[in-house]
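Report on the following structure.
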Amino acid sequence: AAPTITFTTNLQPITINENLVPTFGPVAAAVDSGIRPEDISYRWFRNGVEIPNLAGSWIKSYTLPSRATPANNGDKYKVLASVSGHGTFSTEVTLTVTADTALPVLQYANGDASMKKVRVWFSEPLDTASAQTASNYQLSGGVTITSATLSAPAGSPGDNIVELVTSTLTPGQAYTLTVTG
């Protein structure tokens, strides 16, 4: 007789703000025929298609590889628990991604030893185009900002940090940074 596989811990739907990283699971399954839990293999699916490289007895949860975006809204996830050629799907759940309507907050800024750069940290990931528009930043004291660059590509750690190239700053001088756009 084929083993009966039952999910003892099932998937739950997730509602998350965009720019956060959701994790589905962990799940757990049991088999009625005395097979050890570590012999159960798990395979993950998104919108009915198997997610590559996500199969094994140890893969009991799945974390999106990048931040959730509005494009992920409505994606459906499920996991297949299998042993000895027999399998059972978990409940299929939906990822709901809500719009992040709060603007990023400037946390702090530091000049560097060259006195020609300022690094600016924000509370959350930034829009690539507006973050890299030099005219969106103004420093007091007649300092000119010639460029603004995200320190990391969108969707990766550091996409909340902007590096400004400036005219020469004066050591010991306090400056006020104004950000618009």
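Is it true that Leu103 is in a loop (DSSP other than H, G, I, E, B) and either open to solvent by 40 Å² or more (accessible area, probe 1.4 Å) or out of contact with any strand residue (DSSP E or B) (no Cβ under 8 Å at 6 or more places or on another chain) (or both)? Criteria met by Leu103.
For the stretch 60-106, the candidate set comprises residues that are of a type in the set (D, E, K, R) and modelled with pLDDT of 95 or more; within that set, the residue that is farthest from the chain's Cα centre (by Cα) is Glu92. Pairing residues of the stretch 150-177 that are of a type in the set (Asp, Glu) with residues that are open to solvent by less than 40 Å² (accessible area, probe 1.4 Å), at Cβ distances under 6 Å and at least 6 apart in sequence or on separate chains, gives Asp159/Pro125; Asp159/Leu150; Asp159/Ala152. In the stretch 7-96, counting only strands (runs of 3 or more DSSP E) that sit wholly within it, the ones holding 1 or more residues that are closer than 30 Å to Leu126 by Cα and open to solvent by 30 Å² or more (accessible area, probe 1.4 Å) span 14-17, 41-46, 49-56, 76-83. Considering only the stretch 49-108, state which residues are of a type in the set (S, T, N, Q) and either under 26 Å from Ala152 (Cα atoms) or free of Cβ contacts under 8 Å to residues at least 12 places away in the same chain (or both). Correct list: Asn53, Thr63, Ser66, Thr69, Asn72, Asn73, Thr98, Thr101, Gln107.
The values are calculated or read from the model by the stated rules, or taken from the named source; none is laboratory data. Bear in mind that the values here come from a model prediction, so they are computed numbers and not experimental data. Please note: Cβ atoms are built from the backbone with ideal geometry, for glycine as well, and neighbour counts cover all protein chains shown. When the accessible area is computed, the model is the full protein with side chains, heavy atoms only, and any ligands, DNA or RNA have been set aside. Shrake-Rupley method; radii C 1.70, N 1.55, O 1.52, S 1.80 Å.
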